[in-house]
Amino acid sequence: MMDILKELVEIAGERVSASPSERYCYRGDASQVFGHPEFVIRPESTNQVSRILRLCNENLVPVTARGAGTGLSGGCSPVKGGVVLDTSGMNRIVEIDIENQQVIVEPGVIAEDLNLHLHPYGFFFPPDPGSMAMCTIGGMIANNSSGMRCVKYGTVREYILDLEVALADGRVIHTGKKVLKSSAGYDLTRLFVGSEGTLGIITKAALKLAPLPKTRKLILSFFEQADIASQAVIKVFSEGITPSACEILDKTTLSVLKLCDSHLAIDEEGDMILFEVDGTETSTDEAARQIVEICKPLALSSRIVSGSEMKGIWAARRLVGASISRLDPQKTRVYMGEDVGVPLKEMPTLIRRVQQIAGKLNIPAMKYGHIGDGNLHVALFIDVSDELEWEKLRYAADKIHRAALDLGGTVSSEHGIGLARAKYLPEQLGADAFSVMHSIKIALDPKGILNPGKMGFD
Ligand SMILES: Cc1cc2nc3c(=O)[nH]c(=O)nc-3n(C[C@H](O)[C@H](O)[C@H](O)COP(=O)(O)OP(=O)(O)OC[C@H]3O[C@@H](n4cnc5c(N)ncnc54)[C@H](O)[C@@H]3O)c2cc1C
């Protein structure tokens, strides 16, 4: 392996590192999956990425792409060693083309930075994961990330018009055009969206933009039980209303939310649904009033919030998933079984099953997430020095994944498969569909150098 170091340095100079401390820093993401890279490389251009891939392909060296390392499934963890290719240095906004409502970016651009640049033009890139202040556009595309507002605006895949991708053998292709519609051949763009660095390295992306809404309002509705809250969500959608966000925060999550911001005046009891509506002043007023009416028969109470109170609630909501140990400093949140999704109708059942699983094992579980998308985040938290607690947690996470599959759902709505959920993929897709995926992998990466060990591929 050390044989190629000289050639890597010829391509990327000082941006190649074999230092033990740097390699240690690149061993994983925010999940429990770790590897041991031999080299870390921070390329600055498509040309460098292409040359690195050609060299690694010729020498059978694994290459694992990395954005900001905020993933929750071990996607950027180099579990078979080799090279970690850190794209965070490729962070230029290449072109803002407002007339065509699109922007071209390099993969290392941070999602929130992009939106700050777009704000003066009155446009935004809607997918907004809780990690948007840290995560890269490349990582978001590779995971098909979503977030709070995808219930109305859709996930990353709805916003990609064209990708520049460096393939395993170093060839560079474009998957689309700068047009809003195209009906020309296989949809290669969507093939790479969600491919988690297993098919190619994204080196540029043309993204579609949306106009910023004139106004936003929140409706906070409180319910005796989380499963009753989810019934109210189903009623709102059945009435033809599409909120711009629809989040569940159960009682435990609400207490953490208040710890995140002690100024938040949420004194109501119960499990909360946070609906957001956006649009014009008149349309948001009307939608907010309708949501309050629809929730009335099921809710303990509802109220409409705007202005600085709304901003404070959103800021705390973004922190809540990572802040749970404020409830008990002896315990740490472990991201396992945290991202299941089911058809909306099955959400009340999923919530009850999760409660039963955690209750039986006596593991505290906070339930929150993008309920409008049918996506429930379960935050299990344990004393990580206690092996028995680990065993219970792994068992609970497995049961939660299986509950989602049993209800016709998915083991990951947005965080991806990586290694953490790889064993469930053949079961979720079915053996034949999984083998089609495998054939695609072999066609594009016959030597298996791209992110090996992930998604069930060696
Ligand atoms: C506190 C917190 C909150 C979160 N909230 C959300 C949320 O609300 N919604 C959501 O969807 N996710 C969420 N996530 C998960 C995570 O932030 C997202 O999946 C994010 O898109 C990952 O981006 P990243 O730049 O950190 O990618 P990384 O973790 O570095 O990599 C993710 C995957 O993308 C691949 N990859 C990265 N760059 C490229 C590239 N240029 N070409 C090809 N493959 C590449 C990697 O190999 C890996 O498989 C959250 C994470 C945290 C820690």
> Which translational diffusion coefficient, to the nearest whole µm²/s, is obtained for the stretch 322-432 from the Stokes-Einstein equation, given a Kirkwood hydrodynamic radius over C-alpha pairs, 20 °C and 1.002 mPa s?
Replying inline: 151
> Mind checking the dipole of the chain: about its Cα centre, +1 per Lys or Arg Cβ, -1 per Asp or Glu Cβ, Debye to the nearest 20?
Replying inline: 320
>> What distance in nm lies between label points placed 7 Å from Cα along the C-beta direction at E269 and K177?
In response: 6.2
> Pulled fully out, how much extra length does the chain show between I98 and L319, if you take 0.36 nm times their separation in residues and subtract their Cα-Cα distance?
Replying inline: 76.4 nm
>> Among I440, V277, Y368, whose Cα projects farthest towards the positive end of the dipole of the chain, with charges put on the beta-carbon of Lys, Arg (+1) and Asp, Glu (-1)?
In response: I440
> Distance from the Cα centre of the stretch 1-34 to that of the stretch 163-232, in angstrom?
Replying inline: 29
> Picking from I41, S17, C76, whose Cα lies most toward the positive end of the charge dipole for the stretch 2-88 (charges on Cβ: Lys, Arg +1; Asp, Glu -1)?
Replying inline: C76
>> What FRET efficiency comes out for S262 versus K423 if R0 is 45 angstrom and r is the Cβ-Cβ distance? Round to the nearest 0.05.
In response: 0.60
> Of A142, Q290, G185, whose Cα points farthest to the positive end of the dipole of the chain (charges on the beta-carbon: +1 Lys, Arg; -1 Asp, Glu; origin at the Cα centre)?
Replying inline: G185
> Could you give the angle, 0 to 90 degrees to the nearest 10, between helix 387-406's Cα long axis and the longest principal axis of the Cα atoms of the chain?
Replying inline: 80
> If you take the Cα Rg of the stretch 1-119 and divide it by 2.2 N^0.38 Å, with N the number of residues, what do you get?
Replying inline: 1.15
> Could you give the distance between the Cα centres of the stretch 269-326 and the stretch 54-97, to the whole Å?
Replying inline: 38
> When the gyration tensor of the stretch 69-126 is built from Cα positions, what are the square roots of 5 times its three eigenvalues, in whole Å, from largest to smallest?
Replying inline: 29, 12, 8
>> With bins 5 Å wide starting at 0, give me the P(r) of the stretch 215-320 over every alpha carbon pair, in whole percents.
In response: 2, 14, 26, 26, 20, 11, 3, 0
>> If I fit a long axis through the Cα atoms of helix 307-320 and take the longest principal axis of the Cα atoms of the chain, what angle between them do I get, 0 to 90°, rounded to 10?
In response: 60
>> Can you compute log10 of I(q)/I(0) for the chain with the Debye formula, treating each Cα as one identical point scatterer, at q = 0.08, 0.09 Å⁻¹?
In response: -0.47, -0.60
> Given only helices, namely DSSP H runs of n ≥ 4 each adding -39500 (n - 2.57), what is the per-residue ellipticity at 222 nm of the chain, to the nearest 500 deg cm²/dmol?
Replying inline: -10000 deg cm²/dmol
>> Between Y395 and A433, what is 0.36 nm times their sequence separation minus the Cα-Cα distance? Round to one decimal in nm.
In response: 11.0 nm
>> Below 22 Å, Cα to Cα, which lysines can K392 reach? Residues fewer than 8 away in the same chain don't count.
In response: K331, K360, K367, K423
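Bear in mind these aren't lab numbers, they're just calculated from the coordinates by the rules spelled out. Note that the structure is a prediction, hence the values are computed from the model and not measured. Using ideal geometry, Cβ is built from the backbone for each residue, glycine included, and neighbour counts are taken over all protein chains shown.
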